[in-house]
Amino acid sequence: MLRLGLTGGIASGKSAVAGMLRELGFPVLDADALAHRLMEPGQPAHDEVLREFGAEIAGADGRIDRAKLAAVVFADREKLERLNGIVHPRVLEEMQRQFAEGETRNTLGAAFVEAALIIEAGYHKLLDGVVVTWCKPEQQLARLLARGLSAEEARRRIAAQMPVEEKLRYATERIDCSGTLKEIRKQVEALAAKLRRAASRA
């Protein structure tokens, strides 16, 4: 079974592509959701994140307030790296476990892990390939504004990530998400067909 990464800049169409892959029957592990789960009370990263960034980032219920945490880490690259140092090793461990579990059930020959920071976190070194979604920078900005972020916060989030040109250098497959959903689906279906052909020859 091929273990593939799915990544792209923020608001570049990654989640839309993940949804399409799931509809086509491919398992897609959401590493970003997994990271959020690992920061829940009682989970491995929760206490460590609070120790590192202070109790003020937690709500009254003890849960980490992700908006407060984001405001802290996206304003300071060093703090973002400290957060990643706490969360990424745990995500990686769980990701490997889930891939191994799915190995016996997978008949399509490929499974994906969707994560914003696959390359930055070094996950790509443990994968068989990386699918990178991309769109124009002005589209990223417009999509983030539509999600309710201020222009300043949107630009800060984009700047905190690896530039898309650099991400594309790591790509074994690229999905252009600057067009319509129909155009994106056509590319995803072509990728799915290619993976199925490779699995049938194996």
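Count, please, the residues in the stretch 101-128 that happen to be on the phi > 0 side of the Ramachandran plot and either under 17 Å from the mean Cα position of the chain (by Cα) or among the acidic types (D, E) (or both). I'd like the intermediate steps shown before the answer.
Residues of the stretch 101-128 that are on the phi > 0 side of the Ramachandran plot, as a first pass: 109, 122.
Adding the requirement that they be either under 17 Å from the mean Cα position of the chain (by Cα) or among the acidic types (D, E) (or both) leaves 122.
Residues in the stretch 101-128 being on the phi > 0 side of the Ramachandran plot and either under 17 Å from the mean Cα position of the chain (by Cα) or among the acidic types (D, E) (or both): 1 in total.
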List pairs: first in the stretch 136-157 and in contact (Cβ under 8 Å) with a residue 24 or more places away in the chain and under 22 Å from L69 (Cβ atoms), second surrounded by 14 or more Cβ atoms within 10 Å (Cβ to Cβ) and hydroxyl-bearing (S, T, Y), Cβ under 8 Å, 6+ apart or cross-chain? Q140/S12
With R90, R37, R51 as the choices, which residue is in a helix (DSSP H, G or I) and in contact (Cβ under 8 Å) with a residue 24 or more places away in the chain? R90
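Among the residues of the stretch 56-111, what is the count of those that are touching a Gly at 6+ places or on another chain (Cβ under 7 Å) and modelled with pLDDT of 90 or more?
Let us first name the residues in the stretch 56-111 that are touching a Gly at 6+ places or on another chain (Cβ under 7 Å), namely 65, 108, 111.
Among the residues that remain, those that are also modelled with pLDDT of 90 or more are: 65, 111.
Selection size over the stretch 56-111: 2.
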Please verify whether the stretch 21-33 includes one or more residues that are over 26 Å from K125 (Cβ atoms), touching a helix residue (DSSP H, G or I) at 6+ places or on another chain (Cβ under 6 Å), assigned to a loop (DSSP other than H, G, I, E, B) and in contact (Cβ under 8 Å) with a residue 60 or more places away in the chain. yes
For the stretch 32-55, which residues satisfy the criterion of being in contact with an Asp or Glu (Cβ under 8 Å, 6 or more places away or on another chain) and either modelled with pLDDT under 90 or of a type in the set (D, E) (or both)? D32
Selected residue [farther than 23 Å from L117 by Cα, touching a residue at least 24 places away in the same chain (Cβ under 8 Å) and in contact with a Leu (Cβ under 7 Å, 6 or more places away or on another chain)] from R174, R196: R196
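The values are calculated or read from the model by the stated rules, or taken from the named source; none is laboratory data. Computed from a prediction, not measured in an experiment: that's the story for all the values here. Because the Cβ atoms are built from the backbone with ideal geometry, glycine has one as well, and the counts that use them run over all protein chains shown.
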